[in-house]
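The values are calculated or read from the model by the stated rules, or taken from the named source; none is laboratory data. Note that the coordinates shown come from a computational prediction; the quantities given were computed from them, not determined experimentally. Positions of Cβ are generated from backbone atoms using ideal geometry, with glycine treated the same way; all protein chains shown enter the neighbour counts.
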């Protein structure tokens with residue numbers, strides 16, 4: 001799970017640093033996608049009896 005959150009953070013930071021609008025949009029999209037993957041995986045782990053918390 002951590003890798004999805006770390007990736008989401010990295011993309012978010014990248015979206016704040018770049019100047020080009022198309023790159024900002026791409027990094028923001030990838031950040032949201034990574035965060036959504038982490039949320040979805042957490043739900044599945046919890047359904048299977050594991051214990052995960054959303055960040």
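Descriptive notes on the structure:
- From the options 11, 5, residue that is at pLDDT 95 or above, in a helix (DSSP H, G or I) and surrounded by 14 or more Cβ atoms within 10 Å (Cβ to Cβ): 11
- Subset of segment 7-30 [under 12 Å from the mean Cα position of the chain (by Cα) and without any contact (Cβ under 8 Å) to a residue 24 or more places away in the chain]: 9, 10, 11, 12, 13, 27, 28, 29, 30
- All conditions but one from (1) surrounded by fewer than 11 Cβ atoms within 10 Å (Cβ to Cβ); (2) in contact with a helix residue (DSSP H, G or I) (Cβ under 9 Å, 6 or more places away or on another chain) apply to residue 49; the one that does not is (2).
- Summed over segment 20-47, residues that are modelled with pLDDT under 90 and closer than 12 Å to residue 1 by Cα total 7.
- All positions within segment 19-43 that are in contact with a helix residue (DSSP H, G or I) (Cβ under 6 Å, 6 or more places away or on another chain) and surrounded by fewer than 17 Cβ atoms within 10 Å (Cβ to Cβ): 24, 28, 37
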